[in-house]
Amino acid sequence: MAALPRRIIKETQRLMQEPVPGISAVPDETNARYFHVIVTGPEDSPFEGGLFKLELFLPEDYPMSAPKVRFITKIYHPNIDRLGRICLDILKDKWSPALQIRTVLLSIQALLSAPNPDDPLANDVAELWKINESEAIRNAKEWTRRYAMDN
Amino acid sequence: MGNCLCKNTASHNGRNSSYNTRSSSMAMAKNSYDHPLDLTTQAEPPPQFKFPTLPHIDKLVLEILGVIGLLVDSEQEPPPAMLKLHNIADKEDGWIQVVSSMVNVIPMFNPLGASVITLMLDDCPLPSKDSVLRLSQVFQLSQDHKKTKISATQQRNICVVLGCIAERLAGPSSIAILSDATLDFLLSNLEEDVDPHVILFSLIALEKFAQTSENKITIKNRLLKKDPNPLLSLEKWANQTKYVQRQVGFSAQWCLDNLFLIEGRDYSHNTVDLTGINVMLNTKDVSEYLKISPNGLEARCDAYSFESVRCTFQVDEGVWYYETLIITSGVMQIGWATKDSTFLNHEGYGIGDDQFSLAFDGCRRLIWHNARSERVFNIPCWREGDILGCLLDLNKQEIIFSINGAPLKTCKQLFEKARSGFFAAASFMSFQQCLFNFGNVPFKYPPKDRTFQTFNDHATLNPEEKIVLPRHLFLKELRKFSVREDSCELCFDRKATVKLLPCDHRGFCQECSKQLIECPMCRAPIQEMSIDSNANST
């Protein structure tokens, strides 16, 4: 493998030593650029009680370009599509190399607390979220129960 | 490619941009439809027993198998059959039927068969744990499989499916799916009298399950209980000339060195004989999932991404030649690259996909340069055991590939951008493997029309550079690293010496600063960079 930058080693060490509450990010044993992530659904959100699995990959030019993050667990959310792709500005044009794995994951957790149907990725979900929020929230809770409470 | 495109509402339905999100597998995806593949596959009798499914789903699966080798442009729309399949698989029953169809109809000897299963599964919605458990009931997995009526092809396909699901559902679901019955099925396949294709993909499935550490411990313990451990006899196949067995040997050895360690067994890198080997595949210049043999000359990919590697020796002038033994007949792009060629494995780009590399893929019979392909006519697809010759003539600025000594057309296009600094290089789609000869043993088909040099006669490697360390050992070494207090906040590699103006934020090195447009801390546009007088000068 290409030599692993110190930046990644350093971030990994810190994630292990001072984990972020509600978030676990463990590097893959064979690939130090790939992290197995689990985010717990925030309290008082329709995702409460769920454990959401994500994958996070640090591309070759990280930190000059953003990590690639994707939900693996199915989730009913206007800014996350059925393939798990996330619409979040800091993962796109608002990325800064001063951001880190931990700040990215915190932002994703915050996105679960505050869905933004005005900047949707999953159009049908966003539509319902705008027209009938309570039904959308019911769906989100149902999906959380069905897909994110396996164990 | 495949980005969210939030700002671009035109493509906001998520479908047209989703095709190559997970990059993976989409290595095959570059450049326009082409002529049909000449997949002269061995005829197989239809299986006696078929898992229940619907004829139109079988048809869609076969249609995708037929068309996928022709899909060579990642910007291209997915084939309509793929969309139909995706929609069917969106419901639980549909997903199970799609998987059953794949198990029934994907033939053993199609070189793209196994990778197409992973590609289709990757494109289908992720199943719930319940769907997967239901699926294992449909398959009735157990160790008595040998006695049942399902064919070796179906068993192979089931193993491919299990491996793919294990990887995608890594974590608690993967633990749940690795039931006793599934584990019995996979482990009982590791016997020497089982069809080697089934052994191979059982091993790969176990490897993918072992990505979840609890599973790894379970599998390891079960293997240790078997006396002797079946992997120990299978790893002896690593030098077989029967190519399926050879793959089994490679995979068994890799598992023993990387995943299912046995106390008292020495690592292969400590026991391998490296006498006379002066050039290798470079373990410091390879994308992260490619597996390299302990002697540094054989490579294999079992990931769903397009994995690439360069060799250790660089050539700048003269005429050079190396050979590759084709061990699997699927998609590999083998040829020449400079250091400027980048390995974008997750985007499906590899050797031949930029201006700094040129490669031949004998499965689809395409010469690749700058992500464009040119078809080579009048030759069959490559087969296991073929020798690909790669000649680089820097005097005449020519590259000539040959198959078993028969030269293909002369290529010159690489030299528009690259004049020196060339390396042997290759990219691998999932489940592909080949063996390089840089001249440590005689060539099978040395070029006769010109004198040439071989890497092995001119290169040297010191003993340390020759060690192909298993990655878990390599990562262990890395973690011992620490960084200095005054290092750059962005890379932690170099000293922080730069201050950004006008915002006055500091803590960056020169190299990183050069890549910045705005301040990483406050996003203020950078007008000037000055030497930070507060940084200690040492």
**Request:** Amide H neighbours of residue B:490 under 5 Å, at least 5 residues apart or on other chains, H built in the peptide plane: list them.
**Result:** B:509
**Complete:** Mean other chain Cβ within 10 Å across A:120-129 is 2
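In percent, how large is the relative contact order of region B:498-537, given Cα pairs closer than 8 Å and 6 or more residues apart?
48
Rounded, prolate or oblate: pick one for region B:281-477, where a ≥ b ≥ c are the square roots of the eigenvalues of its C-alpha gyration tensor, a/c under 1.5 means rounded, and failing that, prolate if a/b is larger than b/c, else oblate.
Numbers: a/c = 1.42, a/b = 1.22, b/c = 1.16.
Cα axes put region B:281-477 in the rounded bin.
Report, in deg cm²/dmol and to the nearest 500, the calculated mean residue ellipticity at 222 nm for chain B, where each DSSP H run with n ≥ 4 adds -39500 (n - 2.57) and the sum is divided by the residue count. Display every interim value, and only then the final one.
Values: 16 runs with 161 residues, N = 538.
Rounded to the nearest 500, it is -9000 deg cm²/dmol.
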**Request:** Before anything else, pin down the relative contact order of chain B: Cα pairs under 8 Å, at least 6 apart, normalised by residue count, whole percent.
**Result:** 12
**Request:** Beta carbons within 10 angstrom, averaged per residue: use that to sort the peptides B:249-256, B:154-161, highest first.
**Result:** B:154-161, B:249-256
**Asked** When only Cα pairs under 8 Å and 6 or more residues apart are kept, what is the percent relative contact order across region B:281-477?
**Response** 30
**Request:** Quickly estimate the mean residue ellipticity at 222 nm for chain A, helices only: each DSSP H run with n ≥ 4 gives -39500 (n - 2.57), and the total goes over all residues, rounded to 500.
**Result:** -10500 deg cm²/dmol
**Asked** Across the residues of A:81-88, average count of Cβ atoms on other protein chains within 10 Å?
**Response** 6
**Cα-only Debye scattering, the protein assembly as shown: base-10 log of I(q)/I(0) at q = 0.07 Å⁻¹** = -0.48
**Prompt:** Given H placed 1.01 Å from N in the peptide plane, which residues other than close sequence neighbours of residue B:532 have an amide H under 5 Å from its amide H?
**Reply:** B:498, B:499
**Asked** Which of the peptides B:369-382, B:432-445 is most tightly packed, and how do the rest follow, going by the mean number of other Cβ atoms within 10 Å of each residue?
**Response** B:432-445, B:369-382
**Asked** Which whole number gives the average count of other chain Cβ atoms within 10 Å of the Cβ atoms across peptide B:280-289?
**Response** 3
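Sort A:9-19, B:112-122 by the packing proxy (mean of other Cβ within 10 Å over each peptide's residues), most packed first.
Numbers: A:9-19: 15.5, B:112-122: 24.7.
My ranking of the peptides, most packed first, is B:112-122, A:9-19.
Readers should treat all values here as calculations from the given coordinates under stated rules, not as data from a laboratory. Quick caveat, the model's predicted, so the values are computed rather than measured. Reconstructed Cβ throughout: ideal geometry from the backbone, glycine too, with neighbour counts over all protein chains shown.
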